[in-house]
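Reviewing the structure listed below.
The values are calculated or read from the model by the stated rules, or taken from the named source; none is laboratory data. The shown structure was predicted, so the numbers you read here are calculated from the model rather than taken from an experiment. Cβ: placed from backbone, ideal geometry, glycine included. Neighbour counts: every protein chain shown.
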Amino acid sequence: MNIAIIGNSHFGPILTKQLSKFDKQNSYKFYNTNEKKIDKIKFALDIFKIDVVYSVSASISGGGALNLALRFNKKIVQHFIGSDVLSAIDDYKNENINKNLVENSKYLCEVNWIQEELKEIDIDANVASIAIYNTHNKSTSIPDIFTVLTYMSQGKEEYYGMNTLIKISKKLSDIEFRVAGIDSYKKPLPNNIKLLGWVDMDKEFVNSICYLRNAEHDGLAFSVLEALGYGKKVFYNYHFPYTIYFKNSNDLVEKISVQKRLFDNSKLSIDLEAIQFIENEFNENKVLSNLISHFKEGYE
């Protein structure tokens, strides 16, 4: 089969490379139809030999490449990977729906909470990961200092939970909170919040006790898998295996405090079960074989 991969210009090329290396029986090619006019032309010229169009980022309203695939009766597989579900919810509310596209697309999503959100807009999606994570040769020692690592994007700090971080840091003044991804903020911060900018995340994971993920809306964050792959304690505002769920800032303060007390009493250990979970569920063979099974469905 010839599988055309379109959509997200970051994950699309990565998956194309991974699938091409893993699966020699089928052909994979990425077309950046969102950003490059030449790729739009190439996709249109190649449409007759394409068997499956796989969009890394999903839509219920359609677009140029998806509409073309629909017109030529190609099998369409669409993968919700994050904020695209919010766009789909908006399209649903505004009745901006291409019913033919929805009826003729196989939809995938990364996690069960996205699956439940999609059911509310009449989309039935299968859970399938695009994240591959290798836990081999990771450090499994406990650092000497209790720190909490998190990540934020410049200009989107509130989306990633800066207001909550400020609240909890004031109540947990003896704990250092390290923020990767930004090196400045528009307002003064408590002294125990350290902005790291762009850093070696592997080194930061090794030197941290805990990881905090607190985005307003999330797909399956790769950083959560990374932290679990290091056996770290992960505080997450979504229910996910081997993470510590919190519902608000007060709840988060209490749950961080529990881990700090364990650390102070030398009773905190690396979560080896979390590492094994990541190895079992997010290894290359399992993730890519599952994706390929969706591409092949109907061709066997």
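Taking only pairs six or more apart or across chains, which ones have beta-carbon atoms under 8 Å, a first residue in the range 166-189 that is β-branched (Val, Ile, Thr), and a second residue that is part of a helix (DSSP H, G or I)?
If the second residue must be part of a helix (DSSP H, G or I), the pairs left are Ile168/Ser249; Ile168/Leu252; Ile168/Val253; Ile168/Ile256; Ile175/Ser169; Ile175/Ile256; Ile175/Lys260; Val179/Leu165.
Here is a list: Val287, Val253, Val224. Which entry is in a helix (DSSP H, G or I) and outside the structural domain of Glu157 (by TED's automatic domain parsing)?
Selected residue: Val287, the only one of Val287, Val253, Val224 that is in a helix (DSSP H, G or I) and outside the structural domain of Glu157 (by TED's automatic domain parsing).
Where the second residue is among the acidic types (Asp, Glu) and surrounded by 20 or more Cβ atoms within 10 Å (Cβ to Cβ) and the first is under 21 Å from Thr147 (Cβ atoms) and lies in the range 234-254, which pairs have Cβ atoms under 8 Å and are six or more apart or on separate chains?
Within 8 Å, the pairs are Asn237/Asp218.
Of all residues in the range 21-42, how many are farther than 12 Å from Asn2 by Cβ and not in a loop (DSSP other than H, G, I, E, B)?
Within the range 21-42, residues that are farther than 12 Å from Asn2 by Cβ and not in a loop (DSSP other than H, G, I, E, B) number 9.
Those residues that are buried (at least 18 other Cβ atoms within 10 Å of the Cβ) and either within 18 Å of the chain's Cα centre (by Cα) or free of Cβ contacts under 8 Å to residues at least 40 places away in the same chain (or both), I need them from the range 147-165; list them, please.
Leu149, Thr150, Tyr151, Met152, Glu157, Tyr160, Gly161, Met162 - these are the residues of the range 147-165 that are buried (at least 18 other Cβ atoms within 10 Å of the Cβ) and either within 18 Å of the chain's Cα centre (by Cα) or free of Cβ contacts under 8 Å to residues at least 40 places away in the same chain (or both).
Among the helices (runs of 4 or more DSSP H) lying completely within the range 63-139, list those that include at least 1 residues that are farther than 30 Å from Leu225 by Cα, among the basic types (Lys, Arg) and out of contact with any strand residue (DSSP E or B) (no Cβ under 8 Å at 6 or more places or on another chain).
So the answer is 64-71, 84-93, 99-103.
State which residue is farthest from Glu273 (Cα to Cα) when the search covers only the range 226-249 and only residues that are within 16 Å of the chain's Cα centre (by Cα) and among the small types (Gly, Ala, Ser).
Ala227
If you go through the range 229-249, how many residues are more than 10 Å from Asn214 (Cα to Cα), among the hydrophobic types (A, V, I, L, M, F, W, C) and part of a strand (DSSP E or B)?
Qualifying residue count, the range 229-249: 2.
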